[in-house]
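What follows is a short report on a single structure.
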Amino acid sequence: MRLTIFNGSPRGEDSNTRVLLEHFINGFTATSGNTYELAYLIKKDNGNSVRLFQEAEHVLLAFPLYYDAMPGHVKTFIESLEPFCGRRNDLEIAFIVQSGYPEAVHSASLKPYLEGLVKQLGCKYTGTVALGGVEVIRATPALSNKRLFESFRKLGEVFGKTGALDRQVVAKLAKPEKYSEFQVKFLNLAANILCWHPLLKKNHAYERRFAKPDTAGLESV
Amino acid sequence: MKTIVLNGNPDASNTIFEDYLNKLSSTLAAANHMVTLFNLRDMGIRYCTGCLGCFVKTPGECIVKDASADMRRKYINSDFALLASPVIMGFTSALLKTAQDRLTPLLLPYFELSADGVRHVGRYAKFPSIGLLLEKSPHTAGDTIRIIHDIYKRYATNIKSSLLFVKLTDSPVEAVVNEINHL
């Protein structure tokens with residue numbers, strides 16, 4: 001199987017999306033003969049991504065959720081696919097949507113759009129892997145993300161054999177769907193200790209963390 | 001009432017959309033709204049890089065310096081924000097979405113629980129309420145508007161606001177103005 005992967009993270013090679021994809025690819029290439037191409041949508045590529053799409057057999061588009069949808073540059077890419085509507089009926093498209101917010105519900109809300117998009121393109125919809133809590137990869141050691149990485153390896157492995165997304169793994173990744181008040185308190189505590197406050201202090205910005213520059217100097221604040 | 005209009009139409013030759021928005025802005029102005037119209041396609045607003053600098057380096061400010069700073073300042077000092085876009089490939093335009101992404105400095109890094117999940121806390125006490133204006137294309141599928149509506153309802157909670165309406169440009173300008181006047 002030949003897979004064309006688009007990494008839609010604004011952070012490009014330094015992205016959580018890349019880490020997830022690495023594990024997916026490890027599983028995918030376990031089947032001999034499977035090959036893949038990988039393009040970073042944030043890079044200026046003079047239409048290379050569109051060409052890759054045009055020549056693809058299977059497509060995997062992976063991106064982080066920005067404000068409940070795709071980041072702006074991923075939408076730019078999607079708009080550049082308009083000429084292919086109805087011309088690539090054999091093409092199968094799968095998605096990975098991950099959010100920094102801890103719950104999968106955020107990413108899941110985009111599924112109907114992605115399914116509709118594939119329909120408009122006239123392609124075949126493989127499915128969407130939606131998950132939350134991925135920003136934590138940056139802040140924690142690889143060992144603590146072992147199960148997440150194993151899930152992505154398994155996804156890639158099954159996809160590499162069947163061209164489908166393993167339902168059990170997709171369902172497992174879709175948890176937790178929602179956080180409780182208590183969990184949010186814990187999240188804040190952990191994020192402040194491990195991430196926000198050390199970074200703010202390192203940047204000498206801790207005292208200014210509540211700054212309101214956009215209403216400064218205005219009468220009606 | 002202070003109203004900001006973000007025009008996400010990428011195609012200046014789409015005069016139907018442009019005329020609609022201009023008529024809407026002038027009708028609102030005539031009804032004593034202070035209207036600021038941003039034509040996003042002329043502003044060269046760059047993509048959010050996801051650097052989190054607005055949380056941890058220059059709190060409340062974006063490290064990427066471009067016209068988004070002006071837009072963001074106007075946005076947070078408005079009572080109402082009209083997001084306007086033609087439907088392109090089943091969604092609002094990349095232009096509009098890119099502008100939305102660049103509003104992140106209006107949020108704090110901290111989390112709180114909202115009706116639809118964990119969200120960032122607002123940096124400011126007051127955010128403009130939101131209306132969405134869409135122009136359908138001949139390719140717009142039957143459920144597209146509902147899908148966009150659902151996503152923007154979530155988006156509104158994300159940006160500490162609420163989505164007051166979704167209107168299509170095939171409804172009369174006066175109908176949209178009425179919605180805004182009733183706020």
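Odds and ends about this structure:
- Selection from the range B:52-67 of residues that are in a loop (DSSP other than H, G, I, E, B) and either facing another protein chain (nearest Cβ under 8 Å) or open to solvent by less than 50 Å² (accessible area, probe 1.4 Å) (or both): B:Leu52, B:Lys57, B:Thr58, B:Pro59, B:Gly60, B:Glu61, B:Cys62, B:Val64, B:Asp66, B:Ala67
- Selection from the range B:85-133 of residues that are of a type in the set (Ser, Thr, Tyr), open to solvent by 10 Å² or more (accessible area, probe 1.4 Å) and assigned to a strand (DSSP E or B): B:Tyr110, B:Ser114, B:Ser129
- Residues in the range B:111-164 that are within 17 Å of the chain's Cα centre (by Cα) and acidic (Asp, Glu): B:Glu135, B:Asp150.
- Flag for A:Leu148 being within 14 Å of chain B (Cβ to nearest Cβ), assigned to a helix (DSSP H, G or I) and crowded, with 16+ Cβ neighbours inside 10 Å: no
- Flag if A:Ile42 is within 12 Å of another protein chain (Cβ to nearest Cβ), under 30 Å from B:Ala156 (Cβ atoms) and open to solvent by less than 20 Å² (accessible area, probe 1.4 Å): no
- Residue list for the range B:1-51, restricted to those being part of a helix (DSSP H, G or I) and touching a residue at least 40 places away in the same chain (Cβ under 8 Å): B:Ile16, B:Phe17, B:Tyr20, B:Leu21, B:Lys23, B:Leu24, B:Thr27, B:Leu28, B:Leu40, B:Arg41
- Test: residue in the range A:11-19 that is in contact with a Phe, Trp or Tyr (Cβ under 6 Å, 6 or more places away or on another chain) and of a type in the set (A, V, I, L, M, F, W, C): no
- Scanning the range A:65-100 for residues that are in contact with a strand residue (DSSP E or B) (Cβ under 6 Å, 6 or more places away or on another chain) and of a type in the set (S, T, N, Q) yields a single hit, A:Gln98.
- Test for A:Val118: is it aliphatic (A, V, I, L, M), closer than 25 Å to B:Ser161 by Cβ and either touching a residue at least 24 places away in the same chain (Cβ under 8 Å) or in contact with a Lys or Arg (Cβ under 8 Å, 6 or more places away or on another chain) (or both): no
- A:Gly47 falls short on exactly one of the conditions (1) more than 13 Å from chain B (Cβ to nearest Cβ); (2) open to solvent by less than 10 Å² (accessible area, probe 1.4 Å), and that condition is (2).
- Single unsatisfied condition, B:Ala115 versus (1) within 18 Å of B:Asp150 (Cα to Cα); (2) out of contact with any Leu (no Cβ under 7 Å at 6 or more places or on another chain); (3) more than 8 Å from chain A (Cβ to nearest Cβ); (4) modelled with pLDDT of 95 or more: (4)
- Of residues in the range A:86-114 being modelled with pLDDT of 95 or more, facing another protein chain (nearest Cβ under 10 Å) and open to solvent by 10 Å² or more (accessible area, probe 1.4 Å), the one nearest to the chain's Cα centre (by Cα): A:Lys111
- For A:Leu131: the one exception among (1) within 16 Å of A:Ala171 (Cβ to Cβ); (2) touching a Phe, Trp or Tyr at 6+ places or on another chain (Cβ under 8 Å); (3) without any contact (Cβ under 8 Å) to a residue 60 or more places away in the chain: (2)
- Here A:Glu157, A:Glu177 are screened, and the one residue that is at the interface with chain B (Cβ under 9 Å from one of its Cβ atoms) and more than 30 Å from A:Pro83 (Cβ to Cβ) is A:Glu177.
The values are calculated or read from the model by the stated rules, or taken from the named source; none is laboratory data. Predicted model only: the values in this text are computed from it and were never measured. Neighbour counts are summed over all protein chains in view; Cβ atoms, including those assigned to glycine, are modelled from backbone coordinates with ideal geometry. We work out accessible area using only protein heavy atoms, side chains counted, and drop any ligands, DNA or RNA first. Shrake-Rupley method; radii C 1.70, N 1.55, O 1.52, S 1.80 Å.
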